[in-house]
Amino acid sequence: MTANEPATVEDLRALQLARMRDVVRRAYEHVPHYRTAFDAAKVTPDDLRTLADIAKFPLTTKAHLRNHYPYGMFAVPMEQIVRIHASSGTTGKPTVVGYTAKDIETWSMLMARSIKAAGGGAADILHVAYGYGLFTGGLGAHYGGEYLGAAVIPVSGGFTERQVQIIVDFKPTIIMVTPSYMLAIADEFDRQGIDPLFTSLKLGIFGAEPWGEGMRGELERRMGIDAVDIYGLSEVMGPGIAQECADSRGTLTLWEDHFYPEIIDPDTGEPVAEGEAGELVLTTLTKEGMPLIRYRTRDLTRLLPPTTRSMRRIARITGRSDDMVIIRGVNVFPSNIEAVLEQEERLAPHYLLELRRPGSLDELDVVVETRPALAGKLGSRELRELEARAEHLIKVFAGVTTKVRVVEPGTLERSQGKAKRVIDLRPKD
Ligand code: DLL
């Protein structure tokens with residue numbers, strides 16, 4: 001625990017309530033959208049007397065942010081904004097986020113707290129391979145690393161051969177990158193004939209996309225590192241909202257002194273029972289530039305009790321409610337398919353789901369590569385047999401009928417940031 005974390009649950013709740021009252025009032029007074037939305041819901045900042053009262057206030061969605069593109073959700077004049085980031089959605093305009101100097105300070109502190117909770121410290125050399133730019137991954141990790149006192153190498157994403165060279169020559173001890181791009185870097189080590197097991201790296205802090213225990217095992221085994229999960233989203237701040245800590249692997253501690261969590265049923269918008277799965281909703285407690293009240297993240301998780309810290313935890317995010325595909329009535333997330341494919345050792349964790357509609361029904365094709373060691377070695381009969389086996393496993397464990405195409409290693413495009421796992425080839429109607 002760092003000095004600036006509330007020590008007890010009582011301290012935390014008191015701090016949250018004071019901050020929540022302040023942010024609800026700031027939003028109401030300075031952001032026209034919130035004034036209109038609160039008035040329509042017949043609530044005022046005075047109605048917030050306890051933390052639970054937040055549920056009386058209206059939810060905020062990405063559509064609200066888009067409707068006020070680019071700067072309409074800012075709560076301070078532009079002279080107080082010192083940084084702008086944006087996240088490109090799958091459709092339409094990006095969502096834009098503005099930070100004051102104090103917001104950048106808070107974000108840096110929370111990223112430093114995250115890296116420390118993951119096992120890092122001032123003596124570390126930190127290789128940042130998240131993209132720098134409008135995406136919050138690169139600069140977020142960078143400022144957090146510097147705040148912690150680590151030596152930051154701002155590599156950014158891409159130029160995979162050079163990533164390998166920098167790891168070999170600069171001897172970083174921590175790498176921060178998307179898990180899918182870490183895998184591409186591991187493959188590049190193999191291609192260059194260098195064993196990635198014996199680098200200086202000891203810790204990987206991976207996030208920005210869903211990744212499961214199979215991927216963790218693969219990265220830890222191949223890179224000889226501890227691999228931990230970091231969560232965040234640009235609208236709410238960027239990376240550093242929740243962090244998997246060394247003492248509670250498999251869950252992430254949510255930095256509740258700055259973000260107040262709720263879990264709702266994504267269909268009804270109503271709160272779920274304690275500990276149940278649903279959509280994460282976050283209220284920013286300290287943000288000045290663009291405060292958000294009850295922001296729907298679309299991310300699916302559960303809220304869990306604290307362990308050694310005062311703050312609650314979330315389960316690892318299995319997917320987004322808008323990533324779900326429905327095949328003949330069965331709900332499927334890419335992470336479900338990924339978890340099944342991991343069971344077949346001849347298959348690599350490089351896969352893509354293709355959503356098609358050849359007739360009137362949706363169908364799902366799964367394209368997956370074989371392990372590099374099998375390159376060119378499988379005859380057409382063995383390939384067909386492997387495909388049938390994968391189809392069977394997916395049917396049994398994910399409950400959905402798919403058509404699997406097993407392809408040669410290196411066929412699928414490698415991501416240099418977030419991997420794209422689903423392409424929608426259905427006719428647009
Ligand atoms: O991805 C911020 C980030 C950068 C987080 C680097 C972690 C590391 P966006 O581009 O706005 O911001 O995308 C946010 O990515 O709502 C989730 O759906 C997904 N996501 C982020 N972290 C995780 C994670 C950044 N650890 C969206 N596990 C979020 C699963 C994640 N999904």
With Gly238, Gly269 as the choices, which residue is on the phi > 0 side of the Ramachandran plot and surrounded by 21 or more Cβ atoms within 10 Å (Cβ to Cβ)?
Gly238
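Mind listing whichever residues of region 204-218 are hydrophobic (A, V, I, L, M, F, W, C) and surrounded by fewer than 21 Cβ atoms within 10 Å (Cβ to Cβ)? Working first, answer last.
Of region 204-218, the ones hydrophobic (A, V, I, L, M, F, W, C) are 205-206, 208, 211, 215.
Once the filter is applied, which keeps residues that are hydrophobic (A, V, I, L, M, F, W, C) and surrounded by fewer than 21 Cβ atoms within 10 Å (Cβ to Cβ), region 204-218 yields nothing.
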For region 295-350, what are the residues that are at positive phi and more than 15 Å from the ligand (Cβ to nearest atom)?
Arg328, Gly329
Go through Val177, Val97, Val164 for me and flag whichever is more than 16 Å from the ligand (Cβ to nearest atom) and either touching a Ser or Thr at 6+ places or on another chain (Cβ under 7 Å) or open to solvent by less than 10 Å² (accessible area, probe 1.4 Å) (or both).
Val164
Of residues in region 30-53 being in contact with a Pro (Cβ under 8 Å, 6 or more places away or on another chain) and part of a helix (DSSP H, G or I), the one most open to solvent (accessible area, probe 1.4 Å):
Ala40
Selection count, region 376-395, where residues are touching a residue at least 40 places away in the same chain (Cβ under 8 Å) and either touching a helix residue (DSSP H, G or I) at 6+ places or on another chain (Cβ under 8 Å) or outside any helix (DSSP H, G or I) (or both)
3
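Name the single residue, out of those in region 272-283 being touching a residue at least 12 places away in the same chain (Cβ under 8 Å) and either surrounded by fewer than 24 Cβ atoms within 10 Å (Cβ to Cβ) or part of a loop (DSSP other than H, G, I, E, B) (or both), that is nearest to the ligand (Cβ to nearest atom). It would help to see each step written out before you state the result.
Step one: filter region 272-283 for residues touching a residue at least 12 places away in the same chain (Cβ under 8 Å), giving 274-283.
Checking which are either surrounded by fewer than 24 Cβ atoms within 10 Å (Cβ to Cβ) or part of a loop (DSSP other than H, G, I, E, B) (or both) leaves us with 274-279.
Working: Glu274: 22, Gly275: 20, Glu276: 19, Ala277: 14, Gly278: 15, Glu279: 10 Å.
Among them, the one singled out is Glu279.
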What is the one condition in (1) open to solvent by 60 Å² or more (accessible area, probe 1.4 Å); (2) more than 21 Å from Val228 (Cβ to Cβ) that Phe333 does not satisfy?
(1)
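The values are calculated or read from the model by the stated rules, or taken from the named source; none is laboratory data. Because the structure is a prediction, the values reported are computed rather than measured. We place every Cβ from the backbone using ideal geometry, glycine too, and count neighbours over all the protein chains shown. Side chains are part of the model used for accessible areas, which takes the heavy atoms of the whole protein and leaves out ligands, DNA and RNA. Shrake-Rupley method; radii C 1.70, N 1.55, O 1.52, S 1.80 Å.
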